[in-house]
1. Which of the residues belonging to the stretch 33-51 are within 13 Å of H67 (Cα to Cα) and either open to solvent by 40 Å² or more (accessible area, probe 1.4 Å) or at pLDDT below 95 (or both)?
2. Among what's in the stretch 61-79 and is within 18 Å of Q26 (Cα to Cα) and within 13 Å of the chain's Cα centre (by Cα), pick the residue that is surrounded by the most Cβ atoms within 10 Å (Cβ to Cβ).
3. May I ask you to say which residue of T43, T29 is over 24 Å from D6 (Cβ atoms) and free of Cβ contacts under 8 Å to residues at least 60 places away in the same chain?
4. Within the stretch 12-23, which residues are modelled with pLDDT of 95 or more and aliphatic (A, V, I, L, M)?
5. All but one of (1) in contact with a Phe, Trp or Tyr (Cβ under 7 Å, 6 or more places away or on another chain); (2) farther than 18 Å from G31 by Cβ hold for K104; state the number of the condition that does not hold.
6. Identify the residue in the stretch 15-25 that is in contact (Cβ under 8 Å) with a residue 24 or more places away in the chain and open to solvent by 20 Å² or more (accessible area, probe 1.4 Å) and, among all such residues, is nearest to Q61 (Cα to Cα).
7. For the stretch 1-101, please list each of the helices (runs of 4 or more DSSP H) lying entirely inside it that holds at least 2 residues being among the basic types (K, R).
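The values are calculated or read from the model by the stated rules, or taken from the named source; none is laboratory data. The structure presented is a predicted model; accordingly, all values stated were derived computationally and were not measured. Cβ coordinates were reconstructed from backbone atoms using ideal geometry, including for glycine residues, and neighbour counts include every protein chain displayed. For accessibility, only protein heavy atoms count, side chains too; no ligands or nucleic acids. Shrake-Rupley method; radii C 1.70, N 1.55, O 1.52, S 1.80 Å.
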Amino acid sequence: MNLRRDVFQAIADPTRRAILLLVASQSLTAGAIAANFDTARPTVSKHLQILTECELLKQEQNGREIHYHINAKKMREVADFIEPFRQMWEDRFNTLESIMKEYKSK
């Protein structure tokens with residue numbers, strides 16, 4: 001069965017989020033990424049495959065090595081989707097803070 005990879009399922013995994021944080025500042029090879037985890041290299045390769053299929057990571061061939069780097073455009077799409085929820089919760093917390101300040105002053 002060929003399941004389509006979902007960006008939000010991909011970032012739900014803590015290891016994949018950690019990989020995204022690693023490559024956020026610089027492109028890295030699979031080996032350099034795997035060196036940061038206490039899991040088997042094929043496990044990290046599977047995570048890289050999922051992130052690449054979701055287009056969160058891009059691959060760049062450099063000689064014999066493949067370097068992985070963030071796909072900023074796809075990450076922006078994720079951020080744009082999350083933004084209204086962030087704003088909603090920020091508004092709710094601000095309201096709660098106002099209520100608590102008013103309650104405290106009484």
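1. Answer for the stretch 33-51, where residues must be within 13 Å of H67 (Cα to Cα) and either open to solvent by 40 Å² or more (accessible area, probe 1.4 Å) or at pLDDT below 95 (or both): S45, Q49.
2. So the first thing to find is which residues in the stretch 61-79 are within 18 Å of Q26 (Cα to Cα), and the list is 61-63, 65-76.
Those still in the list that are within 13 Å of the chain's Cα centre (by Cα) too: 69-76.
Details: H69: 15, I70: 19, N71: 16, A72: 11, K73: 9, K74: 16, M75: 17, R76: 10.
Ranking the candidates gives I70 first.
3. Numbers: T43 fails: over 24 Å from D6 (Cβ atoms).
Sole residue among the options that is over 24 Å from D6 (Cβ atoms) and free of Cβ contacts under 8 Å to residues at least 60 places away in the same chain: T29.
4. A18, I19, L20, L21, L22, V23
5. (1)
6. Among residues in the stretch 15-25 that are in contact (Cβ under 8 Å) with a residue 24 or more places away in the chain and open to solvent by 20 Å² or more (accessible area, probe 1.4 Å), the one nearest to Q61 (Cα to Cα) is A24.
7. Numbers: elements: 7-12, 14-23, 30-34, 41-53.
Result: 14-23, 41-53.
Residue-by-condition table, conditions (1) at pLDDT below 95; (2) among the hydrophobic types (A, V, I, L, M, F, W, C); (3) under 30 Å from L28 (Cβ atoms):
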{"position": "L56", "(1), (2), (3)": "no, yes, yes"}
{"position": "Q59", "(1), (2), (3)": "no, no, yes"}
{"position": "F81", "(1), (2), (3)": "yes, yes, yes"}
{"position": "P84", "(1), (2), (3)": "yes, no, no"}
{"position": "S98", "(1), (2), (3)": "yes, no, no"}
